[in-house]
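The values are calculated or read from the model by the stated rules, or taken from the named source; none is laboratory data. Just so it is clear, the structure is predicted and the values come from calculations on it, not from any experiment. We place every Cβ from the backbone using ideal geometry, glycine too, and count neighbours over all the protein chains shown.
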């Protein structure tokens, strides 16, 4: 059994959907209970930021808005008619016990609602607890909402993915992006692996849950096929299972990460869904992030592309091992690749004793003596690291062999 992340990536279960047209009409319409969309809104000072999404929910789909905040409940009761014709569209505002935030809203408040449905969407508000994270959290909020309920057309397109792919059980927004938030590129569980594994064991899930594979879901914002995740809803959760107001317990963190594994246990797969409007912003962000990253990697390690970065640890091991076999290390070349190697050598404490060229034009390079290759014959117990462009490596190795030099290795060219 493969991990859910491996399956998603290998099978390319990434769906980029338009938000201005319906791309498939293969469904036969939905009853008011077969598809439900649930908003959880808690923060009064930001509640108005989410109200325009109410208009995006098609009238034939039942909308539930849940809150644990009395003031938000009163606000919604007063203003809901401005955003949705409640006489034409089934709309319910539910006040829940103020415990467990969005997680208890999903598993306790809306349990029976979801178990009656074929498909459901759950999405919630969010607020930065640290001011420096506000920009990242705002991007995360846009990630959740614009990739789950971007428009009526988009919602129909998401439902078509389920209808066209009977093995898709969960569709989640992509991993959140951010300058501080690192979930989109690291393999972290953020301290929740043990709790997630414990929850999986209590549910008797048959799924591949390993710490080296980070979870796909990091929250309770997703589209689900009820059949795929009903096992977790069939557990009789109560509000007291969750932390009191103002606190988030480990059980909530575990539940946020469990959805892909619940689906796998039921024989379903998890995919990622994105709107066209969001993906353009994501690409621009990633391009800028890669620019920052590679500038830093080039400055620190002398690496210039993804291939070289992917081989970084192997390069370190190989060059450290080579340098430990010789009392003196000389670098062939005084060009850009040699400049790169100097930076790399500093990161692994590799001492350079000098530089070698076929014909020298200067006596010193970076405060080290430059030798012509013929001068190396006078040295003993030394090794040569070739730091030239890839296209020149073969020529330099032939030159070293011609001069009887057998102890050499390439900086990057043989990786």
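Values for this structure:
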read-out: Whichever residue in the range 358-415 is assigned to a loop (DSSP other than H, G, I, E, B) and surrounded by 18 or more Cβ atoms within 10 Å (Cβ to Cβ) and, among such residues, is farthest from the chain's Cα centre (by Cα); value: 405
read-out: Pairs where the first residue, in the range 282-295, is in contact (Cβ under 8 Å) with a residue 60 or more places away in the chain and at negative phi and the second is loosely packed, with under 14 Cβ neighbours inside 10 Å and in a helix (DSSP H, G or I), C-beta under 9 Å, 6+ apart; value: none
read-out: Test: residue 166 is in contact with a helix residue (DSSP H, G or I) (Cβ under 9 Å, 6 or more places away or on another chain), surrounded by fewer than 20 Cβ atoms within 10 Å (Cβ to Cβ) and over 22 Å from residue 100 (Cα atoms); value: no
read-out: Residue within the range 118-125 that is more than 30 Å from residue 286 (Cα to Cα), more than 26 Å from the chain's Cα centre (by Cα) and at pLDDT 95 or above present; value: yes
read-out: So residue 317, is it free of Cβ contacts under 8 Å to residues at least 24 places away in the same chain and within 30 Å of residue 158 (Cα to Cα); value: no
read-out: Subset of the range 237-282 (residues that are at pLDDT below 95, touching a helix residue (DSSP H, G or I) at 6+ places or on another chain (Cβ under 9 Å) and assigned to a loop (DSSP other than H, G, I, E, B)); value: 242, 243, 245, 248, 249
read-out: Among the candidates 63, 71, residue that is assigned to a strand (DSSP E or B), modelled with pLDDT of 95 or more and in the same structural domain as residue 233 (by TED's automatic domain parsing); value: 63
read-out: Those residues of the range 308-336 which are surrounded by fewer than 13 Cβ atoms within 10 Å (Cβ to Cβ) and under 28 Å from the mean Cα position of the chain (by Cα), in sequence order; value: 310, 313, 314
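Residues are listed down the side, and each one gets a yes or a no for (1) surrounded by fewer than 22 Cβ atoms within 10 Å (Cβ to Cβ); (2) more than 22 Å from residue 147 (Cα to Cα):
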{"residue": "46", "(1), (2)": "yes, no"}
{"residue": "65", "(1), (2)": "no, no"}
{"residue": "74", "(1), (2)": "yes, yes"}
{"residue": "79", "(1), (2)": "yes, yes"}
{"residue": "95", "(1), (2)": "yes, yes"}
{"residue": "99", "(1), (2)": "yes, yes"}
{"residue": "103", "(1), (2)": "no, no"}
{"residue": "123", "(1), (2)": "no, no"}
{"residue": "134", "(1), (2)": "yes, no"}
